Structures are given as structure tokens and as C-alpha cells.
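Chemist: This is the structure I want to talk about, given as C-alpha cells.
The values are calculated or read from the model by the stated rules, or taken from the named source; none is laboratory data. Keep in mind the model is a prediction, meaning the values are calculated, not measured. Because the Cβ atoms are built from the backbone with ideal geometry, glycine has one as well, and the counts that use them run over all protein chains shown. Side chains are part of the model used for accessible areas, which takes the heavy atoms of the whole protein and leaves out ligands, DNA and RNA. Shrake-Rupley method; radii C 1.70, N 1.55, O 1.52, S 1.80 Å.
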Amino acid sequence: MPRALILLYTRCMQATLSLAPFSFRTLATSGLARQGEIATPRGIIRTPAFMPVGTAGTVKALYPDQVKSAGADILLGNTYHLMLRPGAERVARLGGLHKFMRWDGPILTDSGGFQVMSLSGLRKMSEKGVTFQSHIDGSTHHVSPERSIEIQCLLGADIQMQLDECIELPASRERAIEAMELSLRWAERSKRAFDDMSKPGQALFGIVQGGTDLELRQRSAEALVAMDLPGYAVGGLAVGEGHDLMVATLSGTTPHLPAHKPRYLMGVGTPADIMEAVARGIDMFDCVMPTRSGRHGQAFTWAGKINLKNARHAEDPRPLDASSTCPAARDYSRAYLHHLMKSGEHLGSMLLSWANVAFYQDLMAEIRSAIAEDRYAAFVAEHKARLVGAEVE
RNA sequence: GGACAGGUGCCCGAGCGGUUAAAGGGGACGGACUGUAAAUCCGUUGGCUUUGCCUACGUUGGUUCAAAUCCAACCCUGUCCA
């Protein structure tokens, strides 16, 4: 083959690759649980997937390489936090978030909707959008659905989230309706903005709201599905309602979301939450739990949770999990991890964050295998109880 | 040897007649953490037969209705002077 042709072919392939559409396919099911993959121009996301949270352009206390080698295919960034610092335009001038933080896999960005709840004392809501008072310097920042999408495009997020209103539970039905309907109107505006500004291969997800009211959840889901978005998230859960109500709400929500599109349960959660959500057809998760708990001394293992700050580990020479492939879990004694945490040494937070991110990825890998082999219910029955509580020795 | 300053709960340290089992830190012990205002936050931290009692602020004695708080002696510690 002439050299010129090879070059042309290569260029075409590159072009095709860079324009590869966003797509989702299911490879196996077990009950309602699905195992599959999301294809993005930046790589495949194996589902069910857990996305480590990298709010401010970093999965706290971890190098991108560690996150990658732990098995994560995609991670999160945050519109609100990156908008304030270093600023979306600056990130764009520096080549986008992927290059900036040295993560070449897919990135999903949250819209700032969670900060509507978590920073409720520092913001004002209107039909137009949210006005935040910066928690850093008090300056005022307006985030409309359109501006949220613009920021996410500037960051270069592969999966973008509509701006929504996340409310704390329990909440009155009126309050849930209000937030759900506003979120739907904002979904429409987000979609229009996304269609204008996004690049091929990027995807916008809508967010189902409605509190724990199944009728509201259904209405929200159906309205979003009518917008024909590339994926759908379930938001407003794990915000005070408790595990059982969350699971019940999911049971009444996922059936209203199309089977051929990815479903993302936002902000969840514990290993048990994830297992039950997968059983109800959820494909994607994110949560600060592995990293925050890690920084605070709590490790997740197949034997249950372990608080390394507890005195009982002071002279325990065993690693967290001798069978783990993660060096943090395999090669360091509990006694040493205990010492690091008690001493406030950064390495303690780093090692436990690493071990936890790796554990969560291992959990997802096991979940995917169990679905692929159609033994998911048995898998949950075998592991859930143990993962809920403290380590059983 | 002399002059000051000081000895408080595991440690540092506030209190300087009653509202003091004694502020505040730290440490220790335990808990929480779910689209990250979080390397953060919250408890507990003398004992007991626990709506109360006992023990406790260097030691001993005293003043007082009442003392960690006032007085005396003694024992320690620090700084300075000889």
C-alpha cells in the first residue's frame, strides 16, 4: 500500500476516533442488573462503573496514575468549584481539564446542582438560575443552566450534567414538586445550550428529581425521556432519606428510564447502596466516600469497614487485605497505617484513599463479573451484609 | 546563700473566697462522613450504691458558714543576683 494511502487511512481513523459518538451497550444482564460499556472518544467505561470524585481537578490525595491503575475508567469534576478556582476560561486556555490535571480518560462534570443543596446558605435560587456567594472569597457568581453547560464545555467534560435543584430529604411534596419541575425546565434549557456549544462525542445527562415520591419520580423520568438525552441520572437521593427509602425510590424510578441508555445514580454511595442500586438497573455511580473516608481513617475491605484510628490496630502487623492488588492495601501494616493516621501524616490519607479507590473498583469489577455470569443476586446475598458493618475477624 | 516568679485534672493552661469536678487547648478513647466549604465534624475523658455522695488544684496546718482561690511553715521548679 502506498505511503500516502496509509497516511490518509490513519488520518481518517483518527478523525473517526475523535468523532466517535457516545454510545452505550449492554453485554449481559442478571435480573434487572446490567453489565455493559459506554463508549466515548476518550475511552470505554465499563459498567456498572464507579467514578472517583475529583471535585477540584484532583481525586484528593491521589495521583491520576493511581486512580487509573486502581481500575477507574472515568472520574468526576465539578463545575462550581472549578469555576471559582482556577476558573473555566483559564482551564480552557490551558488546554482543557484533561490536560490540566493529566487524566486522559473520560471526565464527567457535575453541574453545580449539588452545591445548590450543600451550599444552601450561600446561594439564591431563581427561575433564571443560581446565584452563589463564593465560599472562598464571598464574590458573587451567577450560574444559569446555560452557563453551567458553557463551563462544562470549556472544561471539556465528556459527560455533562444539566443544572438541577437538589433538595435535602425529607421534604414536603410541594417542595419536591417545585424542585423537580424547575429541574425539568432547566433540563430543556441545558439541552438547547448543549446542542449549541458541545462537540461531537460529548454527552448531556438529564437528572430525575422528585424526592421519594414515586409518582413525581415517574413524571420527572418521563419528561426527561421525552427530551431524548444520551443518558439519565437519578439525583436527589442519599440526601437524608436512608438506605431503604432510597432503594424503594430507585425501584420506582429506573423502570421509567430507557433500557438502552446509561443510568447514573448520583452521589452514591456505600458498597451496600451500590449493590442494591445495580440490582435495580443502575450503571454508574460516584461518591466521595472512598476518598473522604480514606482521609479520615476508614478503610473499606471485603471483610467490612475498618477504622484505622482505633487503638486495636496499633500493633497489628497484617495488611488491610493481603490478597489485594493495590499496594496500599497489600504492603503496609495496619499498625503503620494506624500510626500515620494518629500522627496526622499525609501519607496515611494517601494510602487509605488509594486502598479505598482500589477497593471500590474491585467491587465494581466483581459486580460486573457476577452479572456477566448471571449470579448477581447470589453475589449480593453473599457480600452485602458483611460490607455494611465493621470488619468481622 | 539572696531576690523574684511559679507549682491546677494524662499534658499544657485559665481561674484567684461561694454560680468549680474546675474555662480553653493538646493527647487519649469512640463515632460520623453518600453528585467534597471536609487531611473535617461530633461525643467521652476522677470514682461510686449517680435527682446524690466521695475524692481532687505541691505538702501540712490554719482563717472562714464556705478555700484551687486568704494566711503560715515546709517541699519542689524556673529566672536573675552573689
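Chemist: With a bin width of 5 angstrom, please list the P(r) values of segment A:276-392 as percents of all Cα-Cα pairs, from the 0 bin to the one holding the largest distance.
Modeler: 2, 12, 21, 24, 18, 11, 7, 4, 1, 0
Chemist: Right, here's the next one. How far apart, in nm, are the 7 Å Cα→Cβ label points at A:E391 and A:A259?
Modeler: 4.3
Chemist: Order these peptides, A:258-264, A:171-177, by their mean beta-carbon neighbour count within 10 angstrom, highest first.
Modeler: So the peptides A:258-264, A:171-177, ranked by packing, come out A:258-264, A:171-177.
Chemist: When only Cα pairs under 8 Å and 6 or more residues apart are kept, what is the percent relative contact order across chain A?
Modeler: In percent, rounded to a whole number, it is 17.
Chemist: When only alpha-carbon atoms are used, what values of Rg and Dmax, in angstrom, describe segment A:16-154?
Modeler: Taking only Cα atoms of segment A:16-154, I get Rg and Dmax of 16.7, 50 Å.
Chemist: For segment A:151-288, build the charge dipole from Cβ charges (+1 Lys, Arg; -1 Asp, Glu) around the Cα centre, then report which of A:Q160, A:A279, A:Q209 sits farthest towards its positive end.
Modeler: Towards the positive end, the residue furthest out is A:Q160.
Chemist: Suppose the Debye formula is applied to equal point scatterers at every Cα of chain A; what is log10 I(q)/I(0) at q = 0.12 Å⁻¹?
Modeler: Result of the Debye calculation: -0.94.
Chemist: Distance in nm between label sites at A:S172 and A:R292, each 7 Å beyond Cα in the beta-carbon direction?
Modeler: Here the answer is 2.8 nm between the modelled labels.
Chemist: Tell me, what ³J(HN,Hα) does each residue in segment A:194-206 have, in order and in whole Hz, if you take phi through Karplus 6.51 cos²θ - 1.76 cosθ + 1.60 with θ = phi - 60° and put x for Gly and Pro?
Modeler: For segment A:194-206, the Karplus curve yields 5, 4, 6, 9, 6, 9, x, x, 7, 9, 10, 9, x Hz.
Chemist: Modelling each spin label as a point 7 Å along the Cα-to-Cβ direction, I'd like the A:D195/A:D104 distance in nm, to one decimal.
Modeler: 3.5
Chemist: Here is a follow-up. In 5 Å bins starting at 0, how do the alpha-carbon pair distances of segment A:198-283 split up by percent?
Modeler: Answer for segment A:198-283: a P(r) of 3, 16, 29, 25, 16, 7, 3, 1 percent.
Chemist: Need one value: the accessible area of A:S134 in square angstrom, 1.4 angstrom probe, rounded to the nearest 10.
Modeler: 10
Chemist: Net charge near A:T55, counting Lys/Arg +1 and Asp/Glu -1 over other residues with Cβ under 14 Å of its Cβ?
Modeler: Net of charged neighbours comes to +2.
Chemist: Per-residue counts of other Cβ atoms within 10 Å, averaged by peptide: what ranking do you get for A:346-356, A:299-309, highest first?
Modeler: Highest mean packing first, the order is A:346-356, A:299-309.
Chemist: Related question: Quick check: residue separation of A:A378 and A:S323 times 0.36 nm, minus the Cα distance between them. What number comes out in nm?
Modeler: That works out to 17.6 nm of additional length.
Chemist: Let me ask you something else. Calculate, in nm to one decimal, what A:R90 and A:I136 gain on full extension: separation in residues at 0.36 nm each, minus their alpha carbon distance.
Modeler: 14.8 nm
Chemist: So if each residue of separation counts as 0.36 nm, and I subtract the Cα-Cα distance between A:S369 and A:A56, what length gain in nm does that give?
Modeler: 109.5 nm
Chemist: Suppose only helical runs count, i.e. DSSP H with n ≥ 4. What mean residue ellipticity at 222 nm does that imply for chain A under -39500 (n - 2.57) per run, divided by all residues and rounded to the nearest 500 deg cm²/dmol?
Modeler: Helix-only estimate at 222 nm: -13000 deg cm²/dmol.
Chemist: Using the Cβ atoms and a cut-off under 12 Å, what net charge is assigned to the surroundings of A:Q133, where Lys and Arg are +1 and Asp and Glu are -1?
Modeler: +1
Chemist: While we're here: Taking R0 as 30 Å, what's the FRET efficiency between A:D228 and A:A28 from their Cβ-Cβ distance, rounded to 0.05?
Modeler: It comes out at approximately 0.70.
Chemist: Quick one: how many lysine pairs in chain A have C-alpha atoms under 20 angstrom apart, if they're 8 or more apart or on different chains?
Modeler: Total qualifying Lys-Lys pairs in chain A comes to 13.
Chemist: Quick check: net charge around A:G77, other residues with Cβ under 12 Å of its Cβ, Lys/Arg +1 and Asp/Glu -1?
Modeler: In short, -3.
Chemist: For A:V130, which sequence-distant residues (separation of 5 or more, or a different chain) have an amide H within less than 5 Å of its own amide H, given hydrogens modelled in the peptide plane?
Modeler: Placed amide hydrogens put A:V143, A:S144 under 5 Å from A:V130.
Chemist: Divide, for segment A:92-222, the radius of gyration over alpha carbons by 2.2 N^0.38 Å, where N is the residue count.
Modeler: 1.09
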